[in-house]
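> If you scroll down you'll find the structure; I have some questions about it.
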Amino acid sequence: MSLNATIAAVTQRIIDRSRPTREVYLARMTKAAEDGPVRAHLTCGNQAHAYAAMGEDKAALAGGRAPNLGIITAYNDMLSAHKPYERFPDLIRAAAREAGGTAQVAGGVPAMCDGVTQGQPGMELSLFSRDTIALAASVGLSHNCFDSALYLGVCDKIVPGLVMAAATFGHIPSVFVPAGPMASGLPNDEKAKVRQQFATGEVGRDKLMEAEMASYHGIGTCTFYGTANTNQMLMEIMGLHLPGASFVNPETDLRDALTKAAAKRAMEITALGNDFRPAGHILDEKAFVNGLVGLMATGGSTNLVLHLPAMARAAGIILDLQDFSDISEVTPLMAKVYPNGLADVNHFHAAGGLGYMIGELLGAGLLHEDVKTIAGDGLGLYTKEPKLLNDEVVFVDGTKESLNDKILRPVADAFQKTGGLKELKGNIGRGVMKVSAVAPERRIVEAKARVFHDQRDVKPAFQAGEFTEDTVVVVRFQGPRANGMPELHSLTPTLAVLQDRGLKVALVTDGRMSGASGKVPACIHVSPEALTGGAIAKIRDGDMVRVDAVAGTLEVLEEGFDAREPATADLSANAFGIGRELFDIFRQNAGNATEGAASIL
């Protein structure tokens with residue numbers, strides 16, 4: 001089928017908008033690749049330092065005729081999603097040796113967990129950890145000893161930061177290597193119910209702890225469809241994973257075999273062979289459009305509305321919120337995975353997963369098929385799924401039918417005709433809402449505002465019984481320059497209780513929500529932010545506010561609103577403690593949320 005007219009138009013718009021920056025970027029990448037493998041140009045002293053610890057691989061490295069893979073790892077054993085990476089370097093080195101090459105851990109990057117820092121001061125470093133990860137990965141690769149790079153990362157800011165680095169080093173190939181989701185535990189809806197019961201005092205902390213531990217119980221990525229698993233979907237649909245690799249569980253034979261296969265493929269696509277696939281050419285405008293389509297079709301995390309523009313800018317490509325909105329209007333929601341359904345990603349994968357979804361979207365003309373990927377030319381390769389045959393990965397045709405239509409549906413019978421995200425704009429600014437988890441009857445809220453400057457003040461107001469009517473809760477001075485734009489997911493149980501009591505309630509904020517944004521309508525990432533004089537700083541308690549995710553509007557319905565002076569806030573407490581002192585330069589230089597809120601691009 002021919003390409004959908006809207007997808008084609010948005011793609012051309014991005015190409016035209018990006019032409020000046022993209023041309024400069026590609027020229028830089030071409031120049032960087034001109035000299036070919038770089039190790040031969042290092043001095044003997046340089047090389048001796050680089051190979052001193054490499055044991056049996058020293059001779060191959062010094063010879064400089066075989067590919068050398070640089071591994072960038074986000075391994076730590078505190079976080080379940082990254083614990084599996086402890087074993088990966090050994091698997092990769094062994095696979096490289098078998099194929100006649102070498103591999104080295106070029107460097108490590110930090111990996112923080114928003115699940116640990118939710119509602120805590122450490123969350124104020126979370127967004128900027130993405131930029132730190134990009135910088136740290138670049139330090140590792142700056143040794144300039146690598147013909148290809150493998151990136152080991154999963155979670156919220158880690159993958160976007162690694163993609164920013166991969167684009168910056170776009171003159172060499174990049175292969176992203178997932179770790180996989182943990183096995184299914186306590187169902188997510190049961191966990192959410194206990195959280196709400198705790199918020200209302202129906203159960204104690206012991207029951208809450210029991211539920212949380214039963215949900216997050218082993219190694220691997222959290223199983224709900226939040227930012228981490230949205231990242232994995234993106235890496236696959238954008239052609240940076242091997243086909244079908246995203247949602248294979250850790251410490252299984254297939255997972256290990258896919259890791260080895262990724263290493264071998266990273267060697268095959270270096271400039272030393274005849275299938276050179278540098279990352280800068282894979283990360284093109286069509287790849288990012290495919291990523292946007294995947295985000296909408298799966299009801300993915302709102303965090304990617306921040307991250308995709310930053311990732312794209314690193315490759316010289318300029319995305320705008322309008323691109324997200326227009327693609328959402330023509331992309332059907334094909335998946336129901338928690339929080340916009342009861343299933344988890346293991347169930348989604350078993351129902352046919354990304355291979356089935358990509359096949360459906362290609363058949364409907366909603367994806368670009370003519371793209372370069374690490375696996376080869378054409379996105380059709382990603383309709384296949386990996387199987388183990390004699391301890392080797394082979395790729396076979398995936399299912400052409402959903403194996404569970406309560407979780408995954410075809411384009412022709414989707415859960416809804418439009419995608420999971422919606423841009424809202426008006427006299428308050430521009431923001432975005434994840435509508436896939438919000439019931440249709442709750443997508444329009446017109447009510448009086450209740451304004452807060454600190455998310456921690458909302459719960460005491462709730463406990464004091466101050467919310468007795470329909471309310472638009474405004475939590476401002478939460479933008480990137482104010483305090484690093486923390487997630488406000490800890491507000492969800494409280495606001496959900498109000499909604500369950502029959503009130504119409506919405507959240508409006510210049511902060512973020514978790515990728516697990518739930519059933520409460522939340523217009524987030526409002527830009528310009530309050531600290532820079534954005535109109536969200538002009539809202540007063542009692543103002544009538546309309547949040548309309550159907551029409552896409554975000555308005556204060558009061559005469560003279562535009563002429564008001566913006567409020568100010570004492571943000572001195574945001575400047576110190578838990579490392580915040582060191583991130584002042586990031587806060588001062590952060591861009592607008594609509595542009596990715598990066599401080600290094």
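The values are calculated or read from the model by the stated rules, or taken from the named source; none is laboratory data. On a predicted model such as this, the values are computed, not experimentally measured, just so you know. Using ideal geometry, Cβ is built from the backbone for each residue, glycine included, and neighbour counts are taken over all protein chains shown. Accessible surface is based on the protein model in full, side chains and every heavy atom, while ligands, DNA and RNA are left aside. Shrake-Rupley method; radii C 1.70, N 1.55, O 1.52, S 1.80 Å.
> What fraction of the Cα pairs in the chain, stated in percent, has a spacing above 44 angstrom?
When all Cα pairs of the chain are counted, 16 percent exceed 44 Å.
> Normalised radius of gyration for region 15-128, please: alpha carbon Rg relative to 2.2 N^0.38 Å, two decimal places.
Normalised Rg, Cα atoms only: 1.45.
> Also: Can you give the FRET efficiency to the nearest 0.05 for Ala27 and Lys400, using r as the Cβ-Cβ distance and R₀ = 56 Å?
So the FRET efficiency works out to roughly 0.85.
> Three principal axis extents, largest first, for the C-alpha atoms of region 162-230, in Å?
So the three principal-axis extents are 57, 22, 16 Å.
> Further question on the same structure: For Thr21, what accessible area in Å² do you get when you roll a 1.4 Å probe over the heavy atoms of the protein chains, rounding to the nearest 10?
Approximately 60 Å² for this residue.
> Work out the length of the dipole vector of region 344-462 about its Cα centre, built from +1 on the beta-carbon of each Lys and Arg and -1 on the beta-carbon of each Asp and Glu, and round it to the nearest 20 debye.
Computed charge dipole of region 344-462: roughly 940 debye.
> Could you tell me which residue out of Gly140, Met544, Phe462 lies farthest along the dipole of the chain toward its positive end? Charges go on the beta carbon: Lys and Arg +1, Asp and Glu -1, centred on the Cα centre.
About the Cα centre, the residue reaching furthest to the positive side is Gly140.
> Evaluate the charge dipole of the chain about its Cα centre and quote only its size in Debye, nearest 20, assuming +1 on the Cβ of each Lys and Arg and -1 on the Cβ of each Asp and Glu.
320
> Let me ask something else. Cα centroids of region 88-142 and region 393-468: how far apart, whole angstrom?
Region 88-142 and region 393-468 have Cα centres spaced 30 Å from each other.
> For region 1-89, which trypsin sites (Lys or Arg not before Pro) are both in a DSSP coil and crowded by at most 13 other Cβ atoms within 10 Å?
Arg65
> Can you work out the accessible area per residue across region 121-188, with the rest of the protein chains kept in place, probe 1.4 Å, in square angstrom?
Result: 18 Å² of accessible area for each residue.
> Let me ask something else about it. Over the heavy atoms of His41, what accessible area does a 1.4 Å probe trace out, to the nearest 10 Å²?
Roughly 120 Å² of His41 is accessible to a 1.4 Å probe.
> In units of 2.2 N^0.38 Å, what is the alpha-carbon radius of gyration of region 131-205?
Output field value: 1.72.
> Using the Cα centre of the chain as origin and beta-carbon charges of +1 (Lys, Arg) and -1 (Asp, Glu), tell me which of Ser328, Phe576, Ala437 is placed farthest towards the positive end of the dipole.
After comparing all options, I get Phe576.
> Calculate the dipole size of region 356-419 relative to its Cα centre from +1 charges on Lys and Arg beta carbons and -1 charges on Asp and Glu beta carbons; express the result in debye to the nearest 20.
Computed charge dipole of region 356-419: roughly 260 debye.
> Compute the Rg/Rh shape ratio of region 360-511: radius of gyration over Kirkwood radius, all on alpha-carbon atoms.
Rounded to two decimals, Rg/Rh equals 1.13.
> Still on this structure, please answer the following. Long-range amide H contacts for Lys384: which residues qualify at under 5 Å (H placed 1.01 Å from N, peptide plane, sequence gap of 5 or more or a different chain)?
Amide H to amide H, under 5 Å and 5 or more residues apart or across chains, Lys384 pairs with Gly398.
> Based only on the alpha carbon positions, what is the Kirkwood hydrodynamic radius of region 65-117, in angstrom?
Hydrodynamic radius (Kirkwood, Cα only) of region 65-117 equals 12.2 Å.
> Tell me the carbon and sulfur percent of the accessible area for the chain, rounded to whole percent, probe radius 1.4 Å.
52
> Suppose the Debye formula is applied to equal point scatterers at every Cα of region 518-601; what is log10 I(q)/I(0) at q = 0.17 Å⁻¹?
Values, matching the q order: -0.91.
> Write down the percent of antiparallel bridges among all DSSP beta bridges whose residues are both part of region 473-601, to the nearest 5.
Expressed as a percentage, antiparallel bridges in region 473-601 total about 40.
> Here's another thing I want to ask about it. Could you tell me the convex hull volume per residue, in Å³, taken over the Cα atoms of region 99-170?
Each residue corresponds to 86 Å³ of Cα convex hull volume.
> Next question. Quick one: what do you get for region 460-601 if you divide its Cα Rg by 2.2 N^0.38 Å?
Relative to the rule-of-thumb radius for its length, region 460-601 sits at 1.09.
> For a bin width of 10 Å, list the pair-distance distribution of region 4-82 built from all Cα-Cα distances, rounded to whole %.
Bins of 10 Å from zero give 13, 24, 21, 25, 14, 3 percent of pairs.
> Between region 290-341 and region 1-47, what's the alpha-carbon centroid distance in Å?
Computed from Cα coordinates, the inter-centre distance equals 22 Å.
> Okay, moving on. In the neighborhood of His349, defined by Cβ-to-Cβ distances under 12 Å, what is the net charge if each Lys or Arg adds +1 and each Asp or Glu adds -1?
Net of charged neighbours comes to -3.
> Students sometimes get this wrong: rank Phe583, Phe176 by accessible area, probe 1.4 Å, all chains present, largest first.
Of Phe583, Phe176, the descending order of accessible area is Phe583, Phe176.
> Something else now. Restricting to the chain, what percent of DSSP beta bridges are antiparallel, rounded to 5?
In the chain, DSSP labels about 45 percent of beta bridges as antiparallel.
> Report the calculated FRET efficiency for Lys207 and Arg456 (r = Cβ-Cβ distance, R0 = 30 Å), to the nearest 0.05.
0.85
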